[in-house]
Amino acid sequence: MKHFILFFCYVATFSLAAETRPNILFIYTDDHSHRTVSCYPEALEFCETPNIDALAEKGVRFKYAYIGTWRMPSRATLLTGHYQHAVESMRMEGKYPGSEYDPEKCPFWPSAFRANGYQTAQIGKWHTGTDTGFNRDWDYQIVWNRPRHTTNAGSYYKNQLIEKNGGEAELIKGYSTDNYTNWALDYLKGEGRDPEKPWYLWLCYGAVHGPFTPAKRHLEAYPDVDVPVPADIYPPREGKPEYMQRMKRWQEGEDGQPHLIGKKRATGEYARAKGIHGSDLNSWLRQYHQGVLALDEAVGKLVSTLKETGQYENTLIVFTSDQGFAWGQHGFRSKVAPYDATIRSPLIISMPAKLPVAKVNNTPVGGVDLIPTFFHFAGIDLPWKMHGTNLAPLLTNPETNLDRPLLTVNTGQHYGSDTDIIPTDRAILEKSGGVPWYASLHDGRYKYVRTFVENETEELYDLDNDPEELTNLASNAELSDRLVQMRKDTIAELTRTDAGFVDTLPSVKSQ
């Protein structure tokens with residue numbers, strides 16, 4: 001069930017004037033943990049993000065958001081509405097991070113918005129094939145095209161090759177977070193924007209991705225950082241799969257603090273063993289949080305500009321990230337793995353003129369859910385089968401929950417029918433961050449994880465009582481029925497979402 005019947009003659013469910021059909025501002029950050037947003041209870045004490053917090057005060061904050069497992073699959077999901085195992089023709093190709101896709105086999109949904117009267121715009125990082133889709137999916141585009149310009153792919157914060165509206169790349173200086181923000185502000189003020197149409201703007205920041213470079217104006221922020229050392233920063237990790245026993249990114253220094261080890265790959269980039277302030281965990285967390293400050297400033301400027309231009313009340317604002325990022329938890333300095341510390345994102349949705357404010361919803365939600373939600377607010381029929389659920393009921397009544405578990409899947413650097421056969425070669429299976437392929441299911445309290453390795457242990461965590469996911473309950477006899485049910489439900493969700501590998505999953509270790 002890899003191929004979908006696609007209807008390119010899109011029909012809107014209703015036709016309204018531009019001023020009544022909402023604009024959608026989708027603010028999308030990179031490698032950005034919910035722990036760096038101070039309105040989240042898990043945030044470190046020193047963290048301050050007043051503008052993002054203000055957005056939450058004017059909207060709905062989601063407790064559990066899992067947009068993806070790492071950046072390229074997350075973006076593929078947000079362009080198709082599919083989990084990566086059903087994104088046909090997407091592939092890694094050539095020098096990293098080179099990638100390609102066939103737009104006939106892998107259409108992106110912004111083309112449906114264009115066909116139904118929206119102007120679509122994308123600004124910032126592009127990481128999903130060398131073809132950015134200008135004039136097919138996007139009316140207006142200013143992008144740093146990493147897959148095309150591989151020699152420039154490490155320039156996350158300065159000297160970026162920028163393509164505008166499909167033109168030749170131009171080297172642009174300046175701090176990238178500020179550049180993206182300024183280009184977005186220009187668009188909101190009218191540059192390149194059709195005033196007769198509602199708009200969708202996907203604003204993709206490169207921050208706070210490695211090398212985790214803050215703006216110069218923020219280098220003195222947070223001078224007295226002292227963070228708790230994660231309980232399982234060093235192996236062994238009881239109850240975890242075999243690959244987790246090998247996970248070692250940190251070592252204890254002479255000062256007794258964890259220090260980053262050498263140059264370890266984290267899905268594409270190498271980390272310097274020593275950051276701007278030092279190599280110890282406190283120094284890295286200080287630097288990482290400093291990088292968030294320009295993002296927080298950007299949110300404040302974007303909201304202010306929407307108000308100044310009279311667009312605020314009719315704009316749905318969505319703030320999230322491609323996935324989270326671990327700093328020492330379970331031994332990681334990375335994303336990808338199935339734990340909240342590595343992949344849980346912030347997610348805030350705000351439109352106070354039409355939606356409740358200062359609310360928190362506890363339903364686990366994913367990147368696949370955002371696209372049906374956008375189509376709902378735009379009043380446009382879905383152009384093809386999508387895997388997610390419209391979140392509008394949770395936004396209008398945040399005290400409710402969706403009656404479904406949330407599936408999360410990692411198939412590394414493979415997509416679509418290329419995932420039909422699960423690799424047994426560890427080098428392929430663990431190519432992304434040293435983490436094997438897996439599927440997990442979150443029902444609102446418990447998280448189940450199945451690693452795609454023969455005879456590997458399953459994982460079950462009670463997130464209410466063990467939010468750090470330190471104690472694997474899969475062998476707990478009192479929860480055996482729940483384990484079996486969540487295993488069945490995971491297979492059912494894989495089947496529903498067209499996973500070609502579902503009938504050939506490796507056996508699990510008997511409990």
- Item | Relative contact order of region 406-504, pairs being alpha-carbon contacts under 8 Å that are 6 or more residues apart, as % | 25 percent
- Task: Starting from the Cα of Lys105, step 7 Å along the direction of its Cβ; do the same at Ala273; then give the gap between the two resulting points in nm.
- Result: 4.3 nm
- With x for Gly and Pro, the residue-by-residue ³J(HN,Hα) of region 76-86, computed from phi through the Karplus equation 6.51 cos²θ - 1.76 cosθ + 1.60 at θ = phi - 60° and given in whole Hz, is 4, 4, 6, 9, 10, x, 10, 5, 4, 6, 10
- Message: Charges on Cβ only, +1 for Lys and Arg, -1 for Asp and Glu, centred on the Cα centroid of the chain; of Leu479, Gly416, Gly379, which one is farthest towards the dipole's positive end?
- Response: Gly416
- Message: Can you give me the convex hull volume of the Cα atoms of region 51-205, divided per residue and expressed in Å³?
- Response: 137 Å³
- Listed highest first by mean packing, meaning other Cβ atoms within 10 Å per residue, what order do 299-305, 370-376, 289-295 come in? 289-295, 370-376, 299-305
- Could you list which residues have their amide H under 5 Å from that of Gln119, counting only those 5 or more apart in sequence or on another chain, with H placed in the peptide plane? Trp199, Tyr200
- Query: Taking only DSSP H segments of four or more residues, each worth -39500 (n - 2.57), what value at 222 nm results for the chain once the sum is divided by all its residues, to the nearest 500 deg cm²/dmol?
  - Reply: -6500 deg cm²/dmol
- Query: With no solvent and one point on each alpha carbon, what is the Debye value of log10 I(q)/I(0) for region 99-140 at q = 0.19, 0.27, 0.29, 0.34 Å⁻¹?
  - Reply: -0.55, -1.01, -1.11, -1.27
- Among DSSP beta bridges lying fully in the chain, give the percent that are antiparallel, nearest 5. 55 percent
- Query: Expressed as a whole percent, how much of the Cα-Cα distance distribution for region 387-468 exceeds 16 Å?
  - Reply: 64 percent
- Message: If packing is taken as the average count of other Cβ atoms within 10 Å, what order do 27-39, 131-143, 418-430 fall into, highest mean first?
- Response: 27-39, 131-143, 418-430
- Cα convex hull of region 356-511, projected area averaged across orientations, nm²: 10.9 nm²
- Item | Cα-Cα pairs of the chain separated by more than 41 Å (percent) | 14 percent
- Message: Using C-alpha positions alone, give me the convex hull volume of region 293-408 per residue in cubic angstrom.
- Response: 137 Å³
- Message: Using Cα-Cα distances under 8 Å and only pairs 6 or more residues apart, what relative contact order does the chain have, in percent?
- Response: 23 percent
- Can you list the HN-Hα couplings for region 274-280, worked out from phi with the Karplus curve (6.51, -1.76, 1.60; θ = phi - 60°), rounded to whole Hz and with x for Gly and Pro? 10, x, 4, 9, x, 9, 7
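Read-outs: derived from the displayed coordinates by stated rules, not from any lab. Quantities reported herein were computed from a predicted structural model and do not represent experimental measurements. We place every Cβ from the backbone using ideal geometry, glycine too, and count neighbours over all the protein chains shown.
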